[in-house]
Every structure is written in C-alpha cells, then in structure tokens.
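Below is one structure; the comments refer to it alone.
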Amino acid sequence: MSNCIFCKIVRDEIPAKIVHRDDRVTAFHDINAQAPTHILIVPNTHIRGADEISAAHAETVAAMFTVANALAESHGIAASGYRLVFNVGPHAGQSVFHLHLHLLGGRRMAWPPG
Ligand code: 5GP
Ligand code: ZN
C-alpha cells in the first residue's frame, strides 16, 4: 500500500524507532506512547486490521505474538505484566489501517479500559 504510514515504516521510507525486524514482522516505538513501554508490532505485508485476519495469516500472526513475547522480556515487563491490544474500527479508536499489535507495559493499567 503506497499510502500507508506503517508500510512506509516497514520499507524505511519514514523514520521510526525500530526495535525488531525480521522477514515477517517489524516492531517500533509508538510515536505517542501511552505507557513507559509502548511498542507496535506490525506485519511487513499490508493487512488492514484484525478484522481481516484469517487462517491464511496464521504464521504472520503467530510471528507477531512471538515478537511481542520476546520484546516484553527484553524490555523488562514480562514479569510485571503488560497489555496486548488490537483496536478494531471506530468504537475502539482504530486510527491506522495496517494491522498492529500494541504492547503496553511499565505501569499498572485499568480494566475495563475507558
Ligand atoms: P490505533 O489507534 O490505530 O490502534 O493505533 C495507532 C497507533 O499508531 C497510535 O497509538 C499512534 O500513536 C501510532 N502512530 C500513528 N502514526 C505513527 C507514526 O508515524 N509513527 C509511529 N511510531 N507511531 C504512529
Ligand atoms: Zn500498510
């Protein structure tokens, strides 16, 4: 997707604080962090959101969670706990339509979310 901001980050066309990159997945710090650790884990291929995921994406989605787990360890939040979030559509406030898994941690978070 030529016009997609996360595709551009994956292709290194716009800067981001990249913390992980492999054949399937790129992860980078959220530009507007909502917690001491706030990382976005995205597939390198364009998927519009969690509502587009099917069995065809099984390996990509598994890779996203594997990276999230590794980053939680390397950022020191695995033991204290963290939140993994996919926002889908207007009521959840999805603002970027390239699949991204939020990894949030480093502080206690409320439940239910506001
Ligand atoms: P959503 O609300 O769609 O689940 O989350 C989109 C996230 O992407 C937001 O937390 C927002 O701060 C982040 N974001 C939007 N544009 C950029 C950008 O250009 N760079 C980075 N690193 N994060 C971005
Ligand atoms: Zn994209």
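Net charge near Val61, counting Lys/Arg +1 and Asp/Glu -1 over other residues with Cβ under 12 Å of its Cβ?
Here the charged neighbours net out to -1.
Using the alpha carbons alone, the radius of gyration of the chain stands to its Kirkwood radius in an Rg to Rh ratio of 0.94.
Computed from the C-beta positions of Ser54 and Lys8, the FRET efficiency with R₀ = 22 Å rounds to 0.30. As I understand it, the value is the acute angle between the Cα axis of helix 58-74 and the longest principal axis of the Cα atoms of the chain; what does it come to in degrees, rounded to 10? Its long axis makes an angle of about 40 degrees.
Using only side-chain charges placed at the Cβ, +1 for Lys and Arg and -1 for Asp and Glu, the dipole size of segment 5-105 relative to its Cα centre rounds to 160 debye. When only alpha carbons are used to place a centre, segment 92-114 and segment 51-84 end up 13 Å from one another.
Rounded to the nearest whole Hz, the Karplus-based 3J(HN,Hα) values (6.51 cos²θ - 1.76 cosθ + 1.60, θ = phi - 60°) of segment 10-27 follow the sequence 4, 8, 6, 8, 10, x, 7, 7, 6, 10, 7, 8, 9, 5, 10, 9, 10, 10, with x at glycine and proline. Compactness ratio for segment 64-103: Cα radius of gyration over 2.2 N^0.38 Å (N = residue count) comes to 1.33. Placing a label point 7 Å from the Cα of His46 along the Cα-to-Cβ direction, the residues of segment 3-35 whose backbone N falls under 13 Å of that point are 3-11.
Report the full-extension gain for the segment Asp22 to Asn87: residue separation times 0.36 nm, less the Cα-Cα distance, to one decimal in nm.
On the way: separation 65, 0.36 × 65 = 23.40 nm, distance 2.35 nm.
Full extension of this stretch gives 21.1 nm more.
Computed from the coordinates by the stated procedures, all read-outs in this text should not be read as laboratory data. Note that the structure is predicted; figures quoted are calculated from it, not measured. Don't worry about glycine lacking a Cβ; one is built from the backbone with ideal geometry, like all the others, and counts go over all protein chains shown.
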